[in-house]
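Step one of this worksheet: look at the structure below.
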Amino acid sequence: MLDAHVTTLLTAFILLYFGLGPVKGFATTQILGILLSLFCGILVSRLITDFWTNKNRHFNYFTAISKRIFKHAAFKFIEYRKVAYGISVVVLILGVGSFFHGFRYGVEFRAAAAISLTSTNQ
């Protein structure tokens, strides 16, 4: 959890440093969101967990419905791993193929400027 937040935070600081206009606003919003997410994810969840465990209470994760569903659950993840590998390879090939042949770059990815002119001639 923490490594993904740190990586995203570094990216947001890079956007804030090099970006212009709306990109700086996005970077600022992203930095605030990441810091608040870390705050809530680490501190608040720790406080709640400490509160519940210090009261000698036990977490009750299952409702009556979920107990019935998971009582005889037998998930066969390993049995279907080759199917998952095949799906992963297809998605990877499609992604690499679209990178070389399918992207239509907008003005955000070009080294150009978009200018909109209006004329008042009648």
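What the table shows:
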quantity: Carbon + sulfur, % of accessible area of the range 18-98 - ligands and nucleic acids excluded, 1.4 Å; calculated: 71
quantity: Solvent-accessible area of residue 44 with every protein chain in place, 1.4 Å probe, in Å² to the nearest 10; calculated: 50
quantity: Residue-level accessible surface for residue 42, protein heavy atoms, 1.4 Å, Å²; calculated: 90
quantity: Label-point separation in nm, residue 9 to residue 26, each point 7 Å along Cα→Cβ; calculated: 2.2
quantity: Under Karplus coefficients 6.51, -1.76 and 1.60, residue-wise ³J(HN,Hα) of the range 78-86 in Hz, glycine/proline x; calculated: 5, 4, 9, 5, 5, 5, 5, 4, x
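The values are calculated or read from the model by the stated rules, or taken from the named source; none is laboratory data. Source: prediction; values computed, not measured. Please note: Cβ atoms are built from the backbone with ideal geometry, for glycine as well, and neighbour counts cover all protein chains shown. For accessibility, only protein heavy atoms count, side chains too; no ligands or nucleic acids. Shrake-Rupley method; radii C 1.70, N 1.55, O 1.52, S 1.80 Å.
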